[in-house]
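Each value in this text was obtained by applying a stated rule to the coordinates, not by laboratory testing. All of these numbers come straight from a predicted model, not from anything done at the bench. Ideal geometry is used to build each Cβ from the backbone, glycine not excepted, and the neighbour counts take in all protein chains shown.
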Number of protein chains: 2
Amino acid sequence: MSGTPFSTKQRILEAAESLFARHGFAGASLRQVTSAAKVNLAAVNYHFGSKDKLIEEVFRRRLDELNRRRLKALEALQDDASLEEALSAFITPALELAHEGEGGAAFVRVLARAYAEHNDQLRAFLSNNYGHVLKRFTQVFAGKLPHLSRDELYWRTDIVAGALTYAMADFGIIQRRPNVSEREHRAQAIEHLIRFASAGLRAD
Amino acid sequence: MSGTPFSTKQRILEAAESLFARHGFAGASLRQVTSAAKVNLAAVNYHFGSKDKLIEEVFRRRLDELNRRRLKALEALQDDASLEEALSAFITPALELAHEGEGGAAFVRVLARAYAEHNDQLRAFLSNNYGHVLKRFTQVFAGKLPHLSRDELYWRTDIVAGALTYAMADFGIIQRRPNVSEREHRAQAIEHLIRFASAGLRAD
DNA sequence: CTATGCTTCAAACGATCGTTTGAGTTCCTG
DNA sequence: CAGGAACTCAAACGATCGTTTGAAGCATAG
């Protein structure tokens, strides 16, 4: 198997991630993908079975990594860690992944697209690979916000996830200014998000 | 012109809105649209010129209405209105529109898709029809948050817009429970968003 | 009534889509 | 070295895409 510096499978995954991010799942054709990956058109169906399966694999690869990092950051926390620290364990890995190489940024947009697609199959897949992590974090938040009811906590965690998704995908109007490095821009985004979210969570 | 209860043009717009919401711009074909609208396939190119122009029209129709309502709500505010009231003028029209009939919900998803598409042409269009409203609101927020620097204010307004977009599109994990009416669910969403956002904006 | 301009229609255009095929190549194993 | 699995390849499949065409329908104005 494999052989070349990067295997056919990996090259397809990376090209697909980038093209799905730019043109959407329906908008990016397998011919574009295989052409960018410099592999034969039939390779996708050979290695992944279908375009849909390829889409799933694009998700799985990055989501596994993101979840791994989030849980690791969460476990590194002391019991008496602040709400801000817990939020950082949730937010920082996401925004870091979002700016790692070309693929990271691409994946984040793909993720945002998945939300937008409202595709039930994809949502179920995301919920399965993602839901338990969100649950863990919600529990930690709950411990640091004893004044919140369950309902209240769910709503606010949801809002945090929304603001984060939005920030990850660079949807906002705020564009990084030329004199600010990408690393610095990300640091600012993390800082603002945590400050905003912790105040929002603590409200009342 | 027109004739039937609803003109060909309107029927196309409504069918397109619904189908773009469900399958995306690339994912919904003109044949699906014209079939759902019960009009001839060629009618789209006759009335709108192209599929892209049709997409633009889908946006213009709803965005004009949303902006109109937001500005009206903003102007109805007293000078000494609270931050929460200003936020409500921004948030409430959006979430109301998002739950008006079938078309409203569809449009919101279309809007979310537009964000995800990262299509420069569409983004420019949105910025032109939308930017000045956001600027107006930011100014009002600024008046009620004198402790914030310009940068800080921009960041936080951006986060609010993100959380709102997320909430409008029903991206969140929180699903309306069967024993809660849609109207009540929306009211809760508005309430939670305002409380969260006002605390986040006031942070520090 | 005829003529004119707007609208609708069925049909077809070339292009591109995801997928399949079957022969060819490569590489490890026995 | 022979055999076979793993993989790549060019070519083609039928389906569907956005768009165009030219004739037919239909109202209003002269």
Run the quick spin-label model on residue B:22 and residue A:81: label points 7 Å from Cα toward the beta carbon, then report their separation in nm to one decimal. 4.4
Sort out for me the Cα centre separation of the range B:36-110 from the range A:1-65, rounded to whole Å. 36
Give the average, rounded to an integer, of partner chain Cβ atoms located within 10 angstrom of each Cβ in A:151-159. 6
Note, the range A:126-133: 3J(HN,Hα) by Karplus (6.51, -1.76, 1.60, θ = phi - 60°), whole Hz, Gly/Pro = x, goes 5, 4, 5, 8, 9, x, 5, 5
Does anyone have the angle between helix A:51-75 and the longest principal axis of chain A? Alpha-carbon axes, 0 to 90°, nearest 10? 30
Order these by the 10 Å Cβ neighbour count, fewest first: A:132, B:47, A:192. A:132, B:47, A:192
Apply the Karplus parameterisation 6.51 cos²θ - 1.76 cosθ + 1.60, with θ equal to phi minus 60°, to every residue of the range B:37-45 and state each ³J(HN,Hα) to the nearest whole Hz, in sequence, with x for glycine and proline. 7, 6, 10, 6, 4, 6, 4, 5, 5
Put +1 on the Cβ of each Lys and Arg and -1 on the Cβ of each Asp and Glu in chain B; which of B:103, B:34, B:147 then has its Cα farthest toward the positive end of the dipole? B:34
In Å, descending, principal axis extents of the Cα set of the range B:60-202: 41, 40, 27
What relative contact order, as a whole-number percentage, does the range B:2-105 give when Cα pairs under 8 Å and 6 or more residues apart are counted? 22
If I take R0 = 41 Å and measure r between the Cβ atoms of residue B:182 and residue A:60 in this structure, what FRET efficiency does the formula 1/(1 + (r/R0)^6) give, to the nearest 0.05? 0.75
Net charge dipole size for chain B [Lys, Arg +1 and Asp, Glu -1 on Cβ; Debye, nearest 20]: 600
Using only the Cα atoms of the protein assembly as shown, what are the Rg and Dmax in Å? 22.0, 71
Within a Gaussian network of chain B (alpha carbon springs, distance under 10 Å), most fluctuating of B:88, B:181, B:35: B:181
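Let me have the relative contact order for the range A:60-202, percent, based on Cα pairs under 8 Å that are six or more residues apart.
33
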